[in-house]
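The values are calculated or read from the model by the stated rules, or taken from the named source; none is laboratory data. Keep in mind the model is a prediction, meaning the values are calculated, not measured. Here the Cβ positions follow ideal geometry from the backbone for every residue, glycine too, while neighbour counts run over all protein chains shown.
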Amino acid sequence: MKKYVLLYLSFFWVHTAIADHITGGEIYYSLTGISGGQYQYSITLKLFMVCNTERQFNNPTYVSFFNKGTGERVKDVSVNLARTELLSYTPGGPCISNPPTVCYRVGYYNFSITLPASEDGYILSSQVIYRVDGMKNLLAGYDQVGATYTAEIPGNALVPDAPANNSAQFTGDDLVVICANNSFSYSFAAKDKDNDQLSYSFCNAYRETSGGFSEGGTPTGPPPYTSLPYGQGYNGSLPLGANVSINPATGLLSGVAPAEGTYVISVCVAEIRNNTVIATQRKDIQITITSCSIAAATLLPEYNLCGDTKNISIRNMSNSPLIKTFDWQFTNAAGAIVYTTTQQQANYTFPDTGIYKVKLIINKSDACSDSAVSMVRVYPGFVPGFRFNGICLNKPTQFTDTSVSVYGNVNSWNWDFGDNNSLADASGLQHPAYTYTTAGTKNVRLITSDSKGCTDTVFGNVTIVDKPPLATAFKDTLICKRDSVQLFTTGSGNYTWSPNIFITATNIASPIVSPPVTTTYYVDLNDNGCLNRDSLTIHVVDQVALQAMGDTTICSGDTITLGIISNGLKYSWTPASSLINAGIKNPLAVTSATTTYEVLAQIGSCSAKENITISTIDYPVAIAGNDTMICFQTGAELHGITDGSSFTWSPSATLQYASTLHPVAYPASTTAYVLSAWNTKGCPKPGRDTVTVTVLPPIHAFAGNDTAIVAGQTLQLNASGGIKYNWLPATGLSDAGIANPLALYSSPSEGIRYKVYVYNEAGCVDSASLTVKVFGTLPTVFVPTGFTPNGDGRNDVLKPIAVGMQRMELFNIYNRWGQLLFSTAANGKGWDGTVSGQKQSAGTYIWMLKAVDYTGAQYMQRGTVVLIR
């Protein structure tokens with residue numbers, strides 16, 4: 001047993017502006033009497049308003065009556081507010097999450113009116129200036145937009161007894177809520193006292209017809225009425241997006257709700273009597289979708305497997321987090337269970353055709369338990385379809401149903417012809433005809449059913465035009481007097497060609513003509529009384545006009561356009577090997593030798609020939625010489641060769657003797673020099689060649705820092721800056737021709753001064769030096785006994801001098817109280833007599849050092865030093 005309503009529609013919205021006003025409305029009526037050709041109707045205008053607004057219903061307001069065919073105003077009726085009622089509801093309980101509060105006021109306007117029968121019928125309308133603002137399915141910026149609500153009283157031109165009509169009246173419960181991103185269904189069903197067939201559809205919601213605000217209301221303008229400006233992804237037929245639809249036979253709205261917000265929906269119900277739509281009634285509402293969810297077993301009323309499969313995959317349409325368990329049960333027509341599962345999704349392949357029952361129980365034996373039952377029709381092979389004939393404006397378009405059913409008989413048709421300018425663009429006939437009064441592409445919808453209960457929908461576009469499409473392959477052409485030509489046209493309908501001379505047939509799409517003189521042929525296309533006309537002019541000549549350009553001279557290897565003046569339709573040039581596209585009127589020629597070209601111009605069997613001779617002259621010789629490479633800030637002599645009468649070098653700013661063929665280049669960086677040469681032999685263009693002078697960067701020669709070692713210690717020298725090296729002298733070196741020779745000395749020396757010559761890839765050279773001092777002692781570190789940090793550049797820093805050491809590990813300075821003043825592990829770095837920028841006083845300081853000698857042995861030494869100021 002269900003404990004909660006499945007889903008709910010809501011008109012609740014937080015009031016954010018004074019313009020927030022009406023949330024929906026509808027007009028309906030009933031026939032109360034007929035007397036002397038006059039019809040009496042009781043009419044009700046019903047409006048919805050949010051609760052928490054300071055606005056009041058207009059009192060009085062207006063209901064306007066218009067002739068449905070002409071739009072002529074019949075009368076405006078001022079109506080007083082009859083009564084109001086307050087409706088509110090707060091769903092609760094443990095099985096709903098985040099429930100909203102629903103509250104709105106309903107205003108009723110009732111009056112009676114007597115009208116004579118009309119051939120066209122009447123449109124009833126009433127407007128409000130403001131809807132609730134912030135609607136999510138409208139374009140941004142259209143917050144303050146009004147509404148027009150309509151109903152129709154049918155005329156007797158369609159059905160004689162149509163004016164004796166009671167309008168369809170919507171019967172759905174208005175106290176409802178939809179939860180965002182949840183599956184839902186809600187009935188927009190209506191009742192009809194006349195038992196007319198009803199067809200439901202989404203339709204465009206109308207906006208107001210006049211601006212401004214009047215406390216007493218404002219009469220509406222005449223129809224047709226303007227649609228609301230729907231936003232991207234929404235329209236009158238998809239007011240809640242592509243995932244929500246309405247059943248045209250039942251009025252059941254179902255699908256998956258979009259994101260939370262307020263959406264405007266307009267539902268139309270067409271009253272069909274004797275297979276003719278006599279009137280269309282409307283309900284226009286704003287639906288608020290909230291972030292709630294309900295623990296419910298929710299299934300569609302029925303599932304149709306009428307296409308090409310017997311497989312079904314079905315899930316609960318409610319996605320509440322309170323749902324914990326699922327129990328599915330499928331039974332056949334005999335009541336036997338054919339499938340069960342406790343999975344969230346039931347997947348089953350039916351063994352045979354027929355009608356099956358599906359039952360879902362959620363949260364079995366739980367406080368939020370719920371169940372739902374649905375029907376599955378398994379009759380594959382039902383395929384809807386239609387074709388049409390006739391696409392002309394104000395002419396009937398005939399529609400033919402092509403739907404097929406394998407297991408049943410197609411027995412129901414619901415057509416929507418996609419005419420947004422009419423509320424009568426519907427039919428229940430199998431093969432109806434409809435006349436469009438506006439041009440453009442119409443989205444036609446057919447909903448068809450069969451005797452097995454299968455229902456499906458098919459859409460198709462019909463493009464309505466004011467005249468049938470007629471296309472010709474050409475407008476004008478040229479033929480030789482003794483030739484013929486076929487006139488190619490495309491279009492649907494009956495053809496008539498004129499004049500009827502020198503033509504093979506006048507009633508086909510593409511006849512052949514052979515006029516002896518220039519003639520214009522006219523083609524008329526008739527598609528069921530819809531007419532179009534076009535013309536083609538056939539120009540007739542007895543010879544081909546052909547005039548060629550004069551002979552000319554070009555530089556060898558250049559291109560030239562071969563120009564002719566001609567009325568030919570086809571061209572052929574020879575020789576074709578040196579032409580780019582030898583079959584066009586003015587081809588490009590590429591030749592390095594003098595060539596005579598012949599052109600044949602043709603119009604059918606008429607032809608003419610001409611010749612053009614293209615003479616070629618070689619370009620002047622220009623040879624700039626070989627590319628070269630130079631050292632930084634040096635020069636390079638260029639060696640040009642030419643047979644021209646004049647020449648230039650460019651750029652010339654870094655050239656000496658630039659007016660000669662052998663200038664000297666002094667570029668600051670790599671530069672390309674161009675030699676251009678001219679002559680007077682007939683080729684007006686220069687010959688050119690380029691030579692690149694690559695400038696190598698300066699050499700940064702480095703031999704290493706001065707150093708000291710002990711006799712017997714191996715020293716690794718490391719020079720850098722080039723690709724080739726030469727050390728002088730070679731004393732003690734393992735190889736004087738490499739960057740990193742090893743040095744070994746057997747006896748002490750006051751200092752050996754080495755000079756290394758460093759070369760780059762061009763042979764450019766630079767040099768650097770270093771001094772190696774060789775001590776005869778064991779590895780040691782020399783520390784001065786005193787230093788004078790007075791800034792005179794002499795003995796300003798106390799530095800240890802390591803001899804025969806691999807590395808320094810520690811050199812510390814302490815004052816007489818044992819405080820550490822300075823520390824380093826780098827050889828060659830020392831103390832400048834300051835601590836944190838403060839000069840230390842003169843006196844005796846203690847130093848201590850640690851090092852590792854070249855044999856790997858640890859070395860430690862202590863001593864004192866005198867700071868002298």
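Being outside the structural domain of Phe502 (by the TED database), of a type outside the set (S, T, N, Q), in contact with a strand residue (DSSP E or B) (Cβ under 7 Å, 6 or more places away or on another chain) and in a strand (DSSP E or B) narrows it down to one residue among Gly408, Gly460, Gly453; which is it? Walk me through how you get there before you give the answer.
Values: Gly408 fails: in a strand (DSSP E or B); Gly453 fails: in a strand (DSSP E or B).
After applying the criteria, what remains is Gly460.
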Unmet requirement for Lys570, which otherwise passes all of (1) surrounded by 15 or more Cβ atoms within 10 Å (Cβ to Cβ); (2) of a type outside the set (A, V, I, L, M); (3) under 54 Å from the mean Cα position of the chain (by Cα) | (1)
List, please: which pairs have Cβ atoms under 6 Å, are six or more places apart or on different chains, and start with a residue in region 122-141 that is free of Cβ contacts under 8 Å to residues at least 24 places away in the same chain and end with one that is outside any strand (DSSP E or B) and polar (S, T, N, Q)?
-> none
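Is region 366-373 home to any residue that is loosely packed, with under 12 Cβ neighbours inside 10 Å, hydrophobic (A, V, I, L, M, F, W, C) and farther than 23 Å from Cys179 by Cα? Steps first, please.
Step one: of region 366-373, the residues loosely packed, with under 12 Cβ neighbours inside 10 Å are 367.
Filter once more, so that each one left must be hydrophobic (A, V, I, L, M, F, W, C): 367.
Within this subset, residues satisfying the condition of being farther than 23 Å from Cys179 by Cα are none.
Looking through region 366-373, none of the residues is loosely packed, with under 12 Cβ neighbours inside 10 Å, hydrophobic (A, V, I, L, M, F, W, C) and farther than 23 Å from Cys179 by Cα.
Run down Thr84, Thr53 and say which single residue is in a loop (DSSP other than H, G, I, E, B), among the β-branched types (Val, Ile, Thr) and either without any contact (Cβ under 8 Å) to a residue 60 or more places away in the chain or surrounded by fewer than 13 Cβ atoms within 10 Å (Cβ to Cβ) (or both). Outline the logic, then answer.
Values: Thr84 fails: in a loop (DSSP other than H, G, I, E, B).
The conditions single out Thr53.
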Among (1) surrounded by 18 or more Cβ atoms within 10 Å (Cβ to Cβ); (2) among the charged types (D, E, K, R); (3) in contact with a His (Cβ under 8 Å, 6 or more places away or on another chain), Asp476 falls short only on (1)
When you scan region 728-768, how many residues do you find that are farther than 18 Å from Thr714 by Cβ, of a type in the set (S, T, N, Q) and free of Cβ contacts under 8 Å to residues at least 40 places away in the same chain?
-> 0
Residues satisfying the stated conditions in region 396-423, i.e. in contact with a Pro (Cβ under 8 Å, 6 or more places away or on another chain) and β-branched (Val, Ile, Thr) | Val406
Please find, among Tyr200, Tyr186, the residue that is aromatic (Phe, Trp, Tyr), within 20 Å of Glu271 (Cβ to Cβ) and not in a loop (DSSP other than H, G, I, E, B).
-> Tyr200
How about region 351-368: which of its residues are touching a residue at least 12 places away in the same chain (Cβ under 8 Å) and outside any strand (DSSP E or B)?
-> Pro351, Asp352, Thr353, Asn363, Lys364, Asp366, Ala367, Cys368
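Residue-by-condition table, conditions (1) outside any strand (DSSP E or B); (2) over 25 Å from Gln144 (Cα atoms); (3) at pLDDT 75 or above:
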{"position": "His15", "(1), (2), (3)": "yes, no, no"}
{"position": "Gly24", "(1), (2), (3)": "no, no, yes"}
{"position": "Thr32", "(1), (2), (3)": "no, yes, yes"}
{"position": "Gln40", "(1), (2), (3)": "no, yes, yes"}
{"position": "Thr44", "(1), (2), (3)": "no, yes, yes"}
{"position": "Gly71", "(1), (2), (3)": "yes, yes, yes"}
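If I filter region 684-713 down to residues being over 30 Å from Leu778 (Cβ atoms) and of a type in the set (Gly, Ala, Ser), which single residue comes out as nearest to the chain's Cα centre (by Cα)?
Per the stated criteria, the residue is Gly687.
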Members of region 521-531 that are within 15 Å of Ala473 (Cα to Cα) and surrounded by 13 or more Cβ atoms within 10 Å (Cβ to Cβ) = Tyr521, Val523
Is there a residue in region 67-79 that is crowded, with 19+ Cβ neighbours inside 10 Å and in contact (Cβ under 8 Å) with a residue 60 or more places away in the chain?
-> yes
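Inspect region 775-785 for any residue being more than 26 Å from Pro748 (Cα to Cα) and buried (at least 17 other Cβ atoms within 10 Å of the Cβ) and give the result as yes or no. Please lay out each step first, then the result.
Of region 775-785, the ones more than 26 Å from Pro748 (Cα to Cα) are none.
Looking for residues that are more than 26 Å from Pro748 (Cα to Cα) and buried (at least 17 other Cβ atoms within 10 Å of the Cβ), one finds none in region 775-785, hence no.
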Identify the residue in region 281-298 that is within 30 Å of Pro94 (Cβ to Cβ) and more than 36 Å from the chain's Cα centre (by Cα) and, among all such residues, is surrounded by the most Cβ atoms within 10 Å (Cβ to Cβ).
-> Ala296
A careful count of residues in region 703-741 that are outside any loop (DSSP other than H, G, I, E, B) and surrounded by fewer than 16 Cβ atoms within 10 Å (Cβ to Cβ) gives 5
